[in-house]
1. Go through (1) in a helix (DSSP H, G or I); (2) buried (at least 18 other Cβ atoms within 10 Å of the Cβ) and name the single condition GLN110 misses.
2. Can you tell me which residue within region 182-192, out of those that are surrounded by fewer than 24 Cβ atoms within 10 Å (Cβ to Cβ) and of a type outside the set (Gly, Ala, Ser), is nearest to PRO223 (Cα to Cα)?
3. Could you look through region 306-330, keep only residues that are part of a helix (DSSP H, G or I), of a type outside the set (Val, Ile, Thr) and touching a Gly at 6+ places or on another chain (Cβ under 9 Å), and pick out the one that is modelled with the highest pLDDT?
4. Only one residue in ASP179, ASP162 is surrounded by fewer than 16 Cβ atoms within 10 Å (Cβ to Cβ) and either in contact with a Gly (Cβ under 7 Å, 6 or more places away or on another chain) or on the phi < 0 side of the Ramachandran plot (or both), so which one is that?
5. Give region 211-241 a look and list any residue that's over 16 Å from PRO51 (Cβ atoms) and in contact with a His (Cβ under 9 Å, 6 or more places away or on another chain), or say none.
6. Considering only residues of region 68-95 that are out of contact with any Pro (no Cβ under 8 Å at 6 or more places or on another chain) and assigned to a helix (DSSP H, G or I), which is surrounded by the fewest Cβ atoms within 10 Å (Cβ to Cβ)?
7. Among the residues of region 378-394 satisfying the criterion of being in a loop (DSSP other than H, G, I, E, B) and in contact (Cβ under 8 Å) with a residue 24 or more places away in the chain, which is farthest from PRO357 (Cα to Cα)?
8. Can you tell me which condition ALA245 does not meet? The list is (1) of a type outside the set (Ser, Thr, Tyr); (2) surrounded by 15 or more Cβ atoms within 10 Å (Cβ to Cβ); (3) over 30 Å from GLY349 (Cβ atoms), and all the others hold.
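The values are calculated or read from the model by the stated rules, or taken from the named source; none is laboratory data. Small disclaimer: the values here were computed from a predicted structure and weren't measured. Positions of Cβ are generated from backbone atoms using ideal geometry, with glycine treated the same way; all protein chains shown enter the neighbour counts.
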Amino acid sequence: MTSLFDDLNRRGLIAQTSNADELKTFLQEPQTVYCGFDPTADSLHIGHLVPLLMLKRFYDAGHKVIALVGGATGAIGDPSFKAAERSLNSMDTVDEFAAQLSTQINRLMQPHLNGQPLKLVNNKDWFWGMNIVEFFRDVGKHFSVNEMMRRESVKQRLERPDVGISFTEFSYTLLQSYDFVQLNKHHGVTLQIGGNDQWGNIVSGIDLTRRLNQTKVDGLTLPLITKSDGTKFGKTETGTVWLDAAKTSPYSFYQFWLNTADADVYNMLAYYSFLSVDEIEVIRKEDLESGRKPEAQRILAEAITEFVHGEAGLNSARRITQALFTGKSDDAGISQLSETELQQLELDGLPCFAVNPQTELAQVLVDAELAPSKGKAREQLKAGAIRLNGEQVTVDTANKEMDEALDQHFALFDRYWLIQRGKKHFALLKKAEG
């Protein structure tokens, strides 16, 4: 049976370790593992998925897992490889973000822990009652400024005199290192995991824990996930892909994974799914031999959408995709979408336009950017190229004005029309208020 360490290696999920050979043996016995998440926003995004999934992998292998929300460290912000100083949020905002992330992490992870509660901690609990002189006397004395300045993340900032680095951000590594000390002392944590940009902070935490607790602990970092062209995975033209359904809808989330490039999808299955490496290789071979559209993207999209949004979210994303793909108004079509699913399309699934229901259809097509002019719009209507809510729009070609209004067509939930030109061009129309 493949060990956890070997499985992570085969998946390409290990970037750096404190000692690979020792860690492989170390992980053969149950350990307590933690990963930290700073509350710099009110939601996690897909960049946080790999570490969250790593916690699940460790849990499945028989280890205890802890998620730390940085209510204190988030008030400063990790400067690692950031081009400029962060803007500091108010403490009220940090507290609010920390509470929201705690709720979100628990919601994401709890269904996958076989009924066991997720251990969540907030480092504000130990930092807020700490005297600053005590901190610098007992913690700061163990850090060499010379060594800290040699770190690549710090050097990059120092080499930019227009930006530099403040003492606040420079001292961030002391705080994260002390997290490891506290978690080791009070929760028996023996391993910290994090992104590869956290390596310097993790190494400092290992050293500080050894000094203050006289205990050996370890660290493991995950690679930066990149695409085959070398660019960072997870960035889209429209911005961040969030794990909060109110910020990125389940439909758009699902579509993001469906659009993974063929050159990247099998690596992404290794990073983001719980299929074995051997199972992924079978999928790759079958896709290559089938001569059809690869199945890997669908498998990836379904696995990760269900992990983040549950079965209901996945089913909703499938229904919307099927409705738009078929363009029909039958039981699998547009007219069967729920109001919540139309709201997903309004949020980020399709271009959405507020319209006066009495506007003539030709003008609606122009307003929805589906036609460059009313004349072209009338040609599209005459040609039968336009559908409303899955039904082909038929017009009286004898009527040269073609002044049929939008409200002569049934509005879904009394406020939505889904208008379509051809097979691939859609817009969502919403009844303008007032």
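1. Just one mismatch for GLN110, condition (2).
2. Out of the qualifying residues, it is THR190.
3. Among residues in region 306-330 that are part of a helix (DSSP H, G or I), of a type outside the set (Val, Ile, Thr) and touching a Gly at 6+ places or on another chain (Cβ under 9 Å), the one modelled with the highest pLDDT is GLU306.
4. Result: ASP162 is the single residue among ASP179, ASP162 that is surrounded by fewer than 16 Cβ atoms within 10 Å (Cβ to Cβ) and either in contact with a Gly (Cβ under 7 Å, 6 or more places away or on another chain) or on the phi < 0 side of the Ramachandran plot (or both).
5. Listed by number, the residues that qualify are ARG211, LEU212, THR240.
6. Among residues in region 68-95 that are out of contact with any Pro (no Cβ under 8 Å at 6 or more places or on another chain) and assigned to a helix (DSSP H, G or I), the one surrounded by the fewest Cβ atoms within 10 Å (Cβ to Cβ) is ASP92.
7. Filtering region 378-394 for residues that are in a loop (DSSP other than H, G, I, E, B) and in contact (Cβ under 8 Å) with a residue 24 or more places away in the chain, the one farthest from PRO357 (Cα to Cα) comes out as ALA385.
8. (3)
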